[in-house]
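Q: The structure's right below; bear with me while I get my questions together.
No value in this document is a laboratory result; all are computed from the given coordinates. Remember, it's a predicted structure, so these values are computed and weren't measured experimentally. All Cβ positions, even for glycine, are placed from backbone atoms using ideal geometry, and neighbour counts span all protein chains on display.
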Amino acid sequence: MPGVDPITLEVVTQGLISIVREMRATVMRTAKSVAIYEAKDFSCGLFAPDSQVVAQSNDIGSHVVPMPWSVRAAMAKLGDDLSPGDVILMNDPYAGGTHLNDVTVIVPVFRDGRLVFFPAVRAHWPDVGGMVPGSMSGKATEIYQEGIRIPPMKVIAGGKLNTSVLELLLANMRVPEERQGDFDAMLAACRVAEARIQEMLARWGIALVEESVRLDLDRSEARMRAAIAALPDGDYYYEDYLETFPDGGFEPLLVPLKLSVQGEGMVADFTGVSRQVPVPVNSTLAVTAGSVFIAVKSVLDPALPLNQGSFRSIDVIAPAGTVLNVERPAPAGSHGEVRKRVIACMVGALSQVAPDKVAGDLCRTSFHNLIGGYDAKTKREWVHYEWSGGGNGAFLEGDGPSAMAPFDWGDLVTVQPSEVLETRFPLLVEQSRLRTDSGGAGTTRGGLAMQRRIRLLGTAEARYSLLADGAVVPAFGVLGGRSGLPVASWIEKPDGTREDFDTPGKVGGHLMREGDVVVLRSAGGGGYGDPLARPADSVAEDVRLGLVSPEAAAAIYGVVLTPDGTADAAASLARRDALRTARRPLAASAAPRDAVFEAGGVSQRRICRLHPDDAASRGLAADALVEMDTGRAAALRGWVRIDATVPRGSLPLDPIGLAILKAAPGDAVEIRIVQALP
């Protein structure tokens, strides 16, 4: 139907978005789980029959953007057998899902015998079975330990609920009455959407609505193509790591990216990524591709609503059987960690070509903390799901937000109310505060991490699990910005002793007894720009507010404070000159890849070969994690190797390392140690 005028187009487009908003309101008002109705860990969307997302609202990008893969999987299995009154239920990561806790309800909507839309809701169910309360174990070795897999199936056919299937599923989940309530809320939201869609089609007609959808998708595509075309053609690179701890040691898994920009198109190629492992650091192609799309949309076209048109000009390559495209039976629960690592690689690559549009790396992990057990007083199971918000990366115009949802989380609430938790669970929230010095230093500072203390009360014991990443390799800075603080958690006993975990970020069913306190510290965001260029008065204000310590102000920012807390201009100028002189960069030198990479098993890592004198003069020991930086893009990480054959004052780098740093042989490269604060 040609000739849809701009006003009508906008009315129809905003009408579809309004439908999604009403879906969200329905879920929030009717769900049973705290994680859904209070913390908003759910998303809604409208999809076309060909699985393209056509409308979303303030939803979680990590839910909505990968959801077309789920709709496609459902259509591939059930598309020839759909009819009015059908409802599809699924959570299978291998069939386009994210992780098992993200359960999806999809409702096909028909008009005049034609399939016209799919409203869908994806919500995080706090438990879907598996080896630990909350289902997400840092110790899982196969997907069967992560919960019950639901392939695309009709849970309602022709309007009739398959009660036996639903009973079977809920019987394998903890707190089944909550899961039933969450399912009912999701179904209600889709029913509301179905009614509103029918009203819209009755007013405008199928032809006009479908043409409006096509035009809206096409204009989003044109806008993204123009944004990509504004970038210089070329290949851009970055690399990052996921963390594993086999046999008590540490093995980083390499995530390399080659980002190719050609005209109006872009290809994100992760060839060379580590093979999948029997550890929960794997995720799906839907998550990987969706993460690329989220990063590109957020950096290049953040202002206007999201739909599938924005992603038509972007291709993603992730080999099957790897941590970025997992296959059965490896665990697939690490979607939050893989997503943030893919986004980090995209930010690192785009910092080389659009430095004014990127931010420092965000908080590295979704930081899934789970506590659950059986409460003898209430005679009920309980599961609490906690994801303390971390720091966002700093950007050109300002500091990164602290303890707030990053751009892949939509309006997800990152600080759950203490009153709600203490009412629903045998827990006492003793502390929620920002962690001083946790944000990456820079001209603009990375956002701070949050630290929470949660005490177990009123029950003999519970089990604590953690699925996270970034406990060793923290968020990086860009254009000279420093790293944020890594993620951490530990147990404090009533007698004052502390229990640390031998596999940081990966805990599975650790026993907690009454009175124990679990301390949760999320990760800080990366800084933007040289910290010595941050206005001294801003540093003094950070110290006054408790965001930066006086020691860090002097040691990292080069700001000396007077007794009344203001910046001493003359002393700070001298201090900053001394810190610049102490950096003593090395000269980049060309080297082959095998000279700067080590491999062992599935692990690969970049190494930083240094002459013994260069290492000693900088206080660097073998195996120290360092970052190499020219201040022109994102920092590059590597592990120190002492090598007397390397010329003094020289830093060997392969062609990709040079490209990441925007360096040529002979250019100055600063070496900094990356370490956690106590």
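Q: For ARG544 and GLN14 in the same chain, what is the full-extension length gain: residue separation times 0.36 nm, less their Cα-Cα distance, in nm?
A: Full extension of this stretch gives 186.3 nm more.
Q: Please report, in Å, the Rg and the Dmax of the stretch 542-678, where both are computed over Cα atoms only.
A: Radius of gyration, then largest Cα-Cα span, for the stretch 542-678: 17.5, 56 Å.
Q: Test of understanding: what is the full-extension gain from ASP411 to LYS493, defined as 0.36 nm times their sequence separation minus their Cα-Cα distance?
A: Full extension from ASP411 to LYS493 adds 26.0 nm.
Q: Per residue and in cubic angstrom, what volume does the convex hull of the Cα atoms of the stretch 368-483 have?
A: Taking the convex hull of the Cα positions in the stretch 368-483, it is 115 Å³ per residue.
Q: Note the angle between two axes, namely the Cα long axis of helix 536-545 and the longest principal axis of the Cα atoms of the chain, as a number of degrees from 0 to 90, rounded to the nearest 10.
A: Rounded to the nearest ten degrees, it is 60.
Q: Please enumerate, by chain and number, the lysines with C-alpha under 17 Å from the C-alpha of LYS154, excluding those fewer than 8 residues away in the same chain.
A: Within the straight-line limit of under 17 Å, LYS154 reaches these lysines: LYS77.
Q: How much FRET efficiency would the formula 1/(1 + (r/R0)^6) give for ALA202 and VAL420, where r is the Cβ-Cβ distance and R0 is 56 Å, rounded to 0.05?
A: With a Förster radius of 56 Å, E is 0.85.
Q: Still on this model: Figure the gain on full extension for ASP623 and SER164 (residue separation times 0.36 nm, minus the Cα-Cα span) and round it to one decimal in nm.
A: 159.7 nm
Q: OK, next. Mind running the shape call on the stretch 1-132? Use the C-alpha gyration tensor, a ≥ b ≥ c as the square roots of the eigenvalues: rounded below 1.5 for a/c, prolate if a/b tops b/c, oblate otherwise.
A: Note, shape of the stretch 1-132 comes out oblate.
Q: Same structure again: Once both axes come from the Cα atoms, what is the angle between helix 67-78 and the longest principal axis of the chain, in degrees from 0 to 90, rounded to 10?
A: Once rounded, one gets 40 degrees.
Q: If you average 1/r over every pair of different alpha-carbon atoms in the chain and take one over that average, what Kirkwood value in Å do you get?
A: Taking the inverse mean of 1/r over all distinct Cα pairs, the chain comes out at 25.9 Å.
Q: If you don't mind, another one. For the pair ARG513/ARG21, report the inter-label distance in nm, with labels modelled 7 Å from Cα in the Cβ direction.
A: Between ARG513 and ARG21, the label points sit 5.4 nm apart.
Q: Calculate for the chain the 222 nm mean residue ellipticity that helices alone would give, adding -39,500 (n - 2.57) per DSSP H run of length 4 or more and normalising by residue count, nearest 500 deg cm²/dmol.
A: One gets -8500 deg cm²/dmol as the mean residue ellipticity at 222 nm.
Q: Step through the table entries LYS258/LYS297; LYS258/LYS340; LYS340/LYS506; LYS139/LYS379, compare each Cα-Cα distance with 20 Å, and write down the pairs that go over it.
A: LYS139/LYS379
Q: Pairing the Cα long axis of helix 6-30 with the longest principal axis of the chain, what angle in degrees results, from 0 to 90 and rounded to the nearest 10?
A: 90
Q: Next question, about the same structure. Suppose R0 equals 25 Å. What FRET efficiency, 1/(1 + (r/R0)^6) with r the Cβ-Cβ distance, do GLU551 and ALA578 give to the nearest 0.05?
A: The formula returns an efficiency of 0.95 here.
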